[in-house]
Amino acid sequence: FDPRHYLGTHWYGFPKTGPHRLRFLLESMKDLRETLKKKGSTLVVRKGKPEDVVCDLITHLGSVSAVAFHEEVREI
């Protein structure tokens, strides 16, 4: 979870993620983790800036052959 998603927007100061969206995200992560666990896998959830968290995870895991991600689309 990127803390920047819980700050106000630069346009009008409205939160990018309100309480309903946050609850949906948390419930979705819980459901995904449970589904993956049933299939013998897991879900790693971290809080922080992705550019820092991903680097730390790669260092911690040691043998990572690929990393995939997407960039958030910003409205103009």
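Listing for the model above:
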{"quantity": "Along the chain, longest interval not containing exposed trypsin sites (Lys or Arg not before Pro), exposed being DSSP loop plus at most 11 other Cβ atoms within 10 Å", "calculated": "1-38"}
{"quantity": "FRET E, pair residue 54, residue 20, Förster distance 25 Å, beta-carbon r, rounded to 0.05", "calculated": "0.35"}
{"quantity": "The chain: calculated mean residue ellipticity at 222 nm from DSSP helix runs of at least 4, using -39500 (n - 2.57)", "calculated": "-14000 deg cm²/dmol"}
{"quantity": "Of the GluC sites (Glu not before Pro) in the range 29-76, those whose Cβ has at most 13 other Cβ within 10 Å and which sit in DSSP loop", "calculated": "71, 72, 75"}
{"quantity": "Accessible area of the chain belonging to carbon and sulfur atoms, whole % at 1.4 Å probe", "calculated": "59 percent"}
{"quantity": "Dipole of the chain, positive end: most advanced residue of 14, 43, 63 [Cβ charges, Cα centre]", "calculated": "43"}
{"quantity": "Taking the chain and dividing mean pair separation by its residue count, relative contact order in percent (alpha carbons under 8 Å, at least six apart)", "calculated": "30 percent"}
{"quantity": "Under-5 Å amide H pairs with residue 16, H placed in peptide plane, nonlocal only", "calculated": "7, 9"}
{"quantity": "Prolate/oblate/rounded label for the chain (Cα gyration tensor, a/c 1.5)", "calculated": "oblate"}
{"quantity": "Label-to-label distance, nm, for residues given as residue 61 and residue 41 (7 Å Cα→Cβ offset)", "calculated": "1.1 nm"}
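The values are calculated or read from the model by the stated rules, or taken from the named source; none is laboratory data. Predicted, not measured: the structure shown is a model, and the values here were computed from it. A quick note on method: Cβ atoms are made from the backbone with ideal geometry, for glycine too, and the neighbour counts reach across all protein chains shown. Please note that ligands, DNA and RNA were not included when accessible areas were found on the heavy atoms of the full protein model with its side chains. Shrake-Rupley method; radii C 1.70, N 1.55, O 1.52, S 1.80 Å.
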